[in-house]
Structures are given as C-alpha cells and as structure tokens.
Amino acid sequence: MGPDTFIDLIGVWIAALLTLGVYSSLIKDTFISKLTEAVFVGVSFGMSIVFTYYNGIKPKIEEPLVRYYQNLHVDYATVTNAVTRTVEKIADAKTLPVESAVEEELTEEISSRAFDTNRFFAVLDSALYKQTLKLQSTNEVAVSLQSAFASSEVDLKDKATVMGALNEYFTTYKTVPTSRHFWVLYIFFSVILGLMFITRFFPKHAWLSRFPMAYTIGIGVGMGTPLSFQSQIMQQVQASFIPMLVRNPNGIDWIATAGNLSLVIGTLTVLYYFFFSFKKEDAASRGATKIGIAYLMIGFGASFAFTIMARVSLLIGRINFLQDEWIQGTYEFFKYLN
Amino acid sequence: MKLFLSRFTSFWKNRYRAIIYIMTFAFVWLALINKKPLDLTVSDATQGALDLVEHMPENHRKKIKEQEELLAKLQKEESVQSSAELTAQIDETKAYLERLRINSNGVFLVCIDFDAGSDAELGPMAYASIRHAFSLGIKVLINNGYTVMAQPLSQMIVDSAALGGATMPRPYGFKQAGSDFVFFGFRPNPFQVYLQMGESVLSAYETDYSGKALAEMPIMKGIKDIRDIDGIAAYSCNVGTPESWINVAQTKFNIPLVVGMTAVSVSDYFPYLQSGQLCGLITGLRGAAEYEKTVGAPPVANRRMWAQLYTHAFAIGLIVVGNIEYFIKGKRAA
Amino acid sequence: MRNYLPPIICGVCGVIMMLHFFLPENTMLYKTMMEWVTNSTIVVGVFGLFIGLASLVHNHGNRIARRSPGWGYSVITLSFTAIVALTGIISQNVGPSVVSKPLEKYNYDNRKNQDHTLITHTLFGYKDETYKTNLVAAASSDAPEMKGEEITVRKVPLFMFFYNYVIMPMGATTFSLLAFYMITATYRAMRAKSWEASLLLISSIIILIGQVPIEEIPLIGKWIMGHAQLIVYMSLILYILYAAMKQFFSRNFITCGILSASAALIGVIWYYTPADVDFEAMKSIILNYPNNAAKRGILIGVQLGSLATSIKILSGIEKPYMGGRG
C-alpha cells in the first residue's frame, strides 16, 4: 500500500502535506490553506486542459484535418495497395474458435451467405474516407477497416468474391473518392460553430454565440426528452400501480399492505403539493398538502442521513490515506531500508 | 456550580466548532486503528446487485439453451415451408448463438464513473464487483461515463483486480487484457456512445484505452452490440451516468442494470429499484462493505465502517445534545 | 436574422433528434447523423474549455497586473496550470531520464499475499521494462504469475505524478471538508422546532442508526439494538403527548384530543409490530415506502417540469441561448 521507492515517498509526503494544508483552512484561512487552494486550482485546470486535448481536440479536430491534408497528396497506388493488403489479411484470418462439430457446421453455413456487393462498397467507402484513416500507415488502415467490417454484416470469408469486388471498387472509383470532403466539411462546420462560441468575449459580436448554443441546446433537448419521458415518467407512474392488499402464505402481510398504501398516497399527495398553479384554500386541499409535506420531510430526513454518511466516508478515506500510506508507509519504507 | 456552568456554556458557545472538528477527526482516526472486519447483514438492494453477477453464468447458459430451442423450431418450420424471412431469421439466430458460445460464462459491463473525490466509497465497490465477476469466470468490459478524470483511476482498479485473487473464496489467477477483460477508456459525450453501443460496440469504441484495435481481441468476437451484454453495473458519483444507463440500457434494450452511488444521491434511486428498472442498488460505503463481505474481497470498505459507526454515534449524540439545549432555552424563554 | 434564426435552429435540431428514435438503426442515414451529432457536439464543447481558460487567465491576470491583495496566489495558479498543461500536451515522456531504482534488500515477502499492484515510478520519463502488471502482460502472450519476485523499475510521466499525488489527494480532501461542516450542521440545525422538523429528525436518526451495526458500540450498543422499538415508539409517544399537553394548556382541546388519539394509535401499532423489527428493518421500511413516495413524487414532478421546459425551448417560447448584446 505504501511507497516503494524514494520518489514515491516524496509524492506521498507532498500529498499528505497538501491534505493537512487543506484541513488547516478549517481552523483559519492561513497562508498554507490559500497556497494549497491555488495549487489545486492550477493543477486541476491544467489537467482538464490535457484531458480535453487528448479526448476532444486531438482525435476530433487535429488528427482528421492533418490526415485530410496528407490524404490529398497520397498516391492512388498507395491507397489501393494498403486496402488490398488489409482486405486480404481479413479474408485470410482464422475463423472463430469452434468448440464442437455443431459450431463448425454453423460457421460453414454462415460463410455461405450471399455476398452483398453494395454493402461492401458502402462500408469500404465510409471506412476509407472518414476522418479516422491515415492512408500512409497500413496499421491504421487495418484498424479502421477491421472495425468497419466487424461491425457490419458483410462477410469476407469467400476470398475470391471479396477480391473481385475490391477490384470492381477501384475500377469504378478511378481516383480517390470525393466522399472524404463530406467528412472533413463537418469538422470545419463544428470548428466554425465553436469559434462562434468564443465571440462571447467581444460585446459587439457576442450575438454570434447564440447559434452554437442554440444548436447544442436543441440537440441535447431532442436527445434526452423522449427517453427520460419514458423512463422517468411513464415507468415510474406504471410502478405506482401496486396491489393495495398484499397476501403471504400466513394471510395478510400488513407491513407490505400498509407500505403500498402509504406509497400510493404519498406519491399522490407529494405531486399535489407541487401544483402551485391554483390556490388550496379548502380543508381537503390543505390536509392533502400537509400529508405531502410530511412525506417530503421523511424523504429529506433520509437524504440528510445519507449525506452525512457520504461526507464522512470521504473523510474516512483521507484519514485512511494519512494512517496507512503516509505514517505506516513511511515507517515501513525506512524499516526495510538497509 | 452555577459559575462553572456559565463558564462552560460561554466556552462551548465560542469554541464548539473547533471542539466538534477535533472530536470528529479523533473518532475517525481512532476507529480506523481497528482492523477487524464487521459482520453486516446484507440489505435487499445490495442482494439484488450480488444476485445479478452470481447468477450471470447460469442465466447465460439458459439463454444459450433458449436460442438452441428456437433454432431447432425455426429449422423445423423451414423444412415444412421455407421463405426468405425465415432464412434470414435462422441466420440471425445462428450468428447470435455463435456469439453466446464464445463468452460462455456471460459478459458484464462495469461503468466506472468517479474521480478521487468519491473513490473512498465507490472504489471498493467497483473493485469487489470486478473481482466477483472474475472469480466466476465472467468476461468483464470496463468503460467510463461523464467524469473526465475517471480513466487513470479505473485503470488502477482494473490492473489490481486482474493481477489475481488468491485470497478470495473462489480464487482466480491472472486475467489477460483482450481475452478476459477489455478497458475501453473515456470517450466524450457518453450518452451518444451508449446509444451507439446499441448498434455496435466496435463502432462506439474502435480501440481500447491504449489504442489497440478491439476487432482483434478474442473477447470482442462474442460481442456485437449491447444485447450481447448480460448485465451492466454503473458506479457513479454524478447523476447523469445512471440516468443515461437507465434510459439507454434498461428502457431501450432491457438489459439488467445495477447502480452503485455515493450515499448523497442514492436515496433518489429507490423509486427505480421499486419499479424494477434497477436490479440492485449499492448504497455508498455500507453497500460496498456488504458486497465485500459477501464475495470475500479484501475488506477495505468494511474496515472503514468502524469509523462510520463511531461518527454516526457522535452525530446522534450531538443531535440529542442540541435538542436538549433547544428545549431548555425554550423553557427559559417561556 | 440574429433574433429569429437561433430559435429556428434550436427547434429544427431538437425535432430531428427526437425523430431519430424512429429511424432504423442500421441505415447509413442514422449512422451518419449520429456521428455528425456526436462529433460536432464534442468539438463545440471543446471550445467551451477555451472560454473557461480565457476567463481564468483574465481574472488572475487582472489581479497580478493590479497587484491586488493575494496576487501571489494567482501567479502560483497560472504557473501550475501552464506547467501541467505543457507537460501533458507536449509529450507524455517529458524530462531527463532519471531512474530511481527500487531499494535493495527490500523485503517483498510481506507483500506476496496482498492484493495490490506493485508499481514503482520515477519523476521523469517513461520506459517499458518487465513488470508484473497487466498492462505489459497484455502485450506479451506468456505473462508470468506474480510470485513475489523482485520487480524492476517502471517510469511514469511527470503528468501522472501530478495526478497521483496532487489531484487525487486534494480532490478527495476538498470534498471531505464537508464532513466537518455536516457534523456541525447536525448540532446546529437539527432541532425539533416544528412537527415537520421533528419528522425530518426522526427519519434521519432511524436511518443513521440503521445504516451502521450499532451493536458493536461497547456497553450500550447491544441494549440500543435490542430495544429499538422501545426507543422509537416511546420517543414518538412522549413527544406527541408533550405537544398535546402544550395544546391543552393553550386551551386548544380539539387539537389536544387529536394528538392524544394519535399517541394512542401509535401505541396500538407498537403492540402489533413484530418483535424482529429493529433499526435496520425500520430503515428499510422508511426507505422503501415513505422515502420512495417522496422521491417518486419529486422525480415525476421534476420530469414533467423539464418536459414542459423542453417543449417551451423547442417551440421558441423560452430562449436560454439568447445571450450577448447585438
């Protein structure tokens, strides 16, 4: 658990001192606590820049644009070569591991399915000239084509048919297909949208930032609404239709019966409480509201208890670190040092 | 006596915060010295999570049997009267059966979506869950959710679990990446990625976290889309990931789903448990400790429950003291 | 154009995304659309980071330029941002190749049966050498089992050093500060001032006790666990009778009567409660029934509200994106 080498030990001590520095802010806002806060803000922002670069900028902007530019100058013969070698390799690849004669039969039957040329062309076209392909590197061609064919339903086991279709593909498309321009267009579209976002800082042109926001919000709302409606409204309402009388082998299960009744009444009264659009002046409305409030208070009490538990768990984790890795780890490090 | 009480009262009024902070720290520190694991009863919510993994190989074999029976039935129909639709259905069933037989003990997807801030609660439960799956011979897929910095942490958890479980009740040896498990890594916009998994896992994640092609991995030959996954566990510190999984995996594809959350938001997920949208719900540190105890994983969370116990007792003591103080003040005011 | 085009874009994009659920999944149109949407939203989101970065640099830069109080901390913040960002982006293997060897005569016997990864790392650079973690085992086909042998050195980038020893501990510690504030809030705020507050108090106490094995506390733990029903029901009855008495002395006889009847009802429920219902069972009952009801009501209410808001956004009634002058 503790540090194994000297540099580890330094790291653990840095972590422990920073931890104690943060805890010093409980006593007073001292120089140490402000220093540790400043370090934390700086390092975590730097981290988020790096993670965003590797997960957002590099795979979605930088690499596709660089490859598009490289692919513009690629010799057509290189393309044919790379693709032919890859498709041959996939077609020559061993079949799936079989466990019995039954599976062998199944594999043979599957491989005798009719070869769909149009589908083959569509998959090849899409895989070849999407932004992810680096045509000068055979490995990357292989990766992209392998995933494209594995996730499609095009069967490549009959090598002769496949190579024939590939020749036909290159005969039909005498030059590198123009569909790659389509893929790079959307990168430019996205980058322009993103740049419009930054105009927020320039008051005169800030109105341009409305477009990317409208686009993002529209997509988010459109994606999320149907599924949340189904899972969070429909299925939850459906789950409220529960039996009011629960039986067990010994007769009536009173706890479950009372619980189910309480669940239905509670759900209805809480929903009723949240209707603020009309006045609730009569006794029945006020009574229902009070019952709703009672249920809400019990729910909030449960949340409060769990929140205490969660926050204390984090404290426990840190003190565990201080005990095991810092104090005990340092002791063991020097104990075993000869 | 009166002088002592008034001095004590004014001292407490001025210093109660510092006293409470010091006592909390002391309670946790002293409790953690105790290394004996606690004996905890397993709640229904955690039992659901345990049952999903425990019965996964059995359920997977049932699926294989069902598909074999369906195939036999379709082939019998075809021998009577064949049609293009029937042939296509037979082909699909055969392909599905082939995939089921490759990962014969089932496939379990674990979504690790927490960073250092929630590692104390969620780390032990993710670790125990992966070890549980490994000890049953289940193949494990690991991905991340909305938390950007979950990737290095999940890498450490997976590496540790895959080294071997000699101390588990059902011990397992070394697990190889690519054949026993795959770590996909973080991808931005996880909701769209999960939706894309419904069509093809390979197109959603072309490579694993280190850039190796997924299509070459033996485990992926048995996984085409999300329907080939037997169960999903989402361990998350933010509410977006479990909701995405409920919307995508459960509502759209009806895959059994288990959620492990920090205790802060776990009480909001009980409606999903009651409605059957979740099979199990692991409730923070207590749930992690129950899980560890049942599967025999190293008792990390279980040891921490001692500190939880003493802190809770301290909190209850403070509530009682505060209320006594309130009633006495109220009486005096009256 | 500045005013009417954004709502149109929002509405059209939203409706198209809603309709995409009705498209068959294996068509090129569906695949193309999903890819377009996924990648373009990622790219637009990336530019959001630039806004955050510009904002950070602007605020801290102003503080440094004006020499405001605490400008030194701004220097530290900006320098660490730059160091971490540069070491991460320029290269994963930045720095001189200084190697820190493991300690000689290190006793590994202790660690043979422990289930954790033995990783050693240095400050700069990264070089694959033999080591017993799965990362290398994945690359080689004959991965040896861990036998407690001496491990060789693996170097880890400076970037990962920052992650392991600065980000992880400090992130966790910042969150753990809340534990202290929560405990103080428990003392200050959890008072039975009204019947609603009392319900909150009772429910949180039952769950606090039910979540931990209270019988492990020396001297009083077993007694508390064994007399759970006595503690809970008696406290309830006494509290209600106290409230009834207050009403009686305020001459609210009807309210006093209702409260007394409630106390009697609770006594009857106590009589019929099975003997095996302890704090853990009470906790489960509270979580599965009243808490469930409350949370379900809140969930449905919130989702109905967000559905209404979504329709308002898509139809252009609400325009949260219409910021910016001009």
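Remarks
- Residue check, C:Ile224 of a type in the set (A, V, I, L, M), surrounded by 14 or more Cβ atoms within 10 Å (Cβ to Cβ) and over 27 Å from the mean Cα position of the chain (by Cα): yes
- Test: residue in the stretch B:106-116 that is at pLDDT below 90, buried (at least 24 other Cβ atoms within 10 Å of the Cβ) and either of a type in the set (Lys, Arg) or part of a helix (DSSP H, G or I) (or both): yes
- Flag if C:Ile300 is surrounded by 16 or more Cβ atoms within 10 Å (Cβ to Cβ), touching a helix residue (DSSP H, G or I) at 6+ places or on another chain (Cβ under 6 Å) and closer than 30 Å to A:Thr267 by Cβ: yes
- Tally of residues being within 14 Å of chain A (Cβ to nearest Cβ), of a type in the set (A, V, I, L, M, F, W, C) and in contact (Cβ under 8 Å) with a residue 60 or more places away in the chain across the stretch B:127-149: 0
- Filtering the stretch B:168-177 to residues that are outside any strand (DSSP E or B), of a type outside the set (Phe, Trp, Tyr) and facing chain C (nearest Cβ under 9 Å) leaves B:Met168, B:Gly173, B:Lys175, B:Gln176.
- B:Asp180 meets all of the listed conditions (1) under 18 Å from B:Val248 (Cβ atoms); (2) within 11 Å of chain C (Cβ to nearest Cβ) but one, namely (1).
- Complete set of residues in the stretch B:288-310 that are touching a Pro at 6+ places or on another chain (Cβ under 7 Å) and open to solvent by less than 10 Å² (accessible area, probe 1.4 Å): B:Ala288, B:Glu292, B:Ala301, B:Asn302, B:Leu309
- Check on B:Thr87, surrounded by 15 or more Cβ atoms within 10 Å (Cβ to Cβ) and within 14 Å of chain A (Cβ to nearest Cβ): no
- Restricting the search to helices (runs of 4 or more DSSP H) fully inside the stretch A:1-109 and requiring at least 1 residues that are out of contact with any Pro (no Cβ under 6 Å at 6 or more places or on another chain) and modelled with pLDDT under 70 gives A:63-72, A:76-92.
- In the stretch C:205-220, the residues that are among the hydrophobic types (A, V, I, L, M, F, W, C) and either surrounded by fewer than 17 Cβ atoms within 10 Å (Cβ to Cβ) or in contact with a Ser or Thr (Cβ under 7 Å, 6 or more places away or on another chain) (or both): C:Leu219, C:Ile220
Listed here are the residues, each with its yes/no results for (1) modelled with pLDDT of 90 or more; (2) over 30 Å from the mean Cα position of the chain (by Cα); (3) more than 10 Å from chain A (Cβ to nearest Cβ).
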{"site": "C:Tyr239", "(1), (2), (3)": "no, yes, yes"}
{"site": "C:Tyr242", "(1), (2), (3)": "no, yes, yes"}
{"site": "C:Met245", "(1), (2), (3)": "yes, yes, yes"}
{"site": "C:Ile254", "(1), (2), (3)": "no, yes, yes"}
{"site": "C:Ala275", "(1), (2), (3)": "no, yes, yes"}
{"site": "C:Gly297", "(1), (2), (3)": "yes, no, no"}
{"site": "C:Gly301", "(1), (2), (3)": "yes, no, no"}
{"site": "C:Met322", "(1), (2), (3)": "no, yes, no"}
{"site": "C:Arg325", "(1), (2), (3)": "no, yes, no"}
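- Matching option when the condition is among the basic types (Lys, Arg), under 28 Å from C:Ile214 (Cα atoms) and assigned to a helix (DSSP H, G or I), among B:Arg17, B:Arg61: B:Arg17
- Matching option when the condition is surrounded by fewer than 21 Cβ atoms within 10 Å (Cβ to Cβ), assigned to a helix (DSSP H, G or I) and in contact (Cβ under 8 Å) with a residue 12 or more places away in the chain, among A:Ala284, A:Ala288: A:Ala288
- Subset of the stretch A:227-284 [over 42 Å from the mean Cα position of the chain (by Cα) and within 10 Å of chain C (Cβ to nearest Cβ)]: A:Trp254
- Scanning the stretch C:175-198 for residues that are open to solvent by 40 Å² or more (accessible area, probe 1.4 Å), more than 26 Å from the chain's Cα centre (by Cα) and either of a type in the set (A, V, I, L, M, F, W, C) or at pLDDT 90 or above (or both) gives a single hit, C:Trp195.
- Residue in the stretch C:211-224 that is assigned to a helix (DSSP H, G or I) and either in contact (Cβ under 8 Å) with a residue 60 or more places away in the chain or within 12 Å of chain A (Cβ to nearest Cβ) (or both) present: yes
- When the stretch B:34-75 is filtered for residues that are open to solvent by less than 70 Å² (accessible area, probe 1.4 Å) and β-branched (Val, Ile, Thr), the ones remaining, listed by number, are B:Val42, B:Thr46, B:Val53, B:Ile64.
- In a residue-by-residue description of the stretch B:271-287, the property of being within 10 Å of another protein chain (Cβ to nearest Cβ), at positive phi and surrounded by fewer than 22 Cβ atoms within 10 Å (Cβ to Cβ) applies to at least one position.
- Scanning the stretch C:47-85 for residues that are more than 26 Å from A:Pro212 (Cα to Cα), of a type in the set (Val, Ile, Thr) and either open to solvent by 50 Å² or more (accessible area, probe 1.4 Å) or within 26 Å of the chain's Cα centre (by Cα) (or both) yields C:Val75, C:Thr77, C:Thr81, C:Ile83, C:Val84.
- Any hit, the stretch B:81-101, residues being touching a Ser or Thr at 6+ places or on another chain (Cβ under 7 Å) and among the aromatic types (Phe, Trp, Tyr): no
- Per the conditions (1) facing chain C (nearest Cβ under 10 Å); (2) touching a helix residue (DSSP H, G or I) at 6+ places or on another chain (Cβ under 7 Å); (3) not hydrophobic (A, V, I, L, M, F, W, C), the sole criterion not satisfied by A:Glu37 is (2).
- B:Glu78 vs. criteria out of contact with any Pro (no Cβ under 6 Å at 6 or more places or on another chain) and open to solvent by less than 80 Å² (accessible area, probe 1.4 Å): yes
- Qualifying residues in the stretch B:141-193 (those that are of a type in the set (Val, Ile, Thr) and open to solvent by less than 40 Å² (accessible area, probe 1.4 Å)) - the one nearest to the chain's Cα centre (by Cα): B:Ile142
- Within the stretch B:194-220, being surrounded by 21 or more Cβ atoms within 10 Å (Cβ to Cβ) and in a helix (DSSP H, G or I) holds for B:Tyr194, B:Leu195, B:Gln196, B:Met197, B:Val201, B:Leu202, B:Ala204, B:Leu214, B:Ala215, B:Met220.
- Residue in the stretch C:6-27 that is of a type in the set (D, E, K, R), open to solvent by 20 Å² or more (accessible area, probe 1.4 Å), more than 7 Å from every other protein chain (Cβ to nearest Cβ) and closer than 30 Å to B:Phe253 by Cβ present: no
The values are calculated or read from the model by the stated rules, or taken from the named source; none is laboratory data. Only a predicted model underlies this, so the values are computations on that prediction, with no experimental measurement involved. Note: ideal-geometry Cβ built from the backbone for every residue, glycine included; neighbour counts use all protein chains shown. The area values use the complete protein model at the heavy-atom level, side chains included, leaving out ligands, DNA and RNA. Shrake-Rupley method; radii C 1.70, N 1.55, O 1.52, S 1.80 Å.
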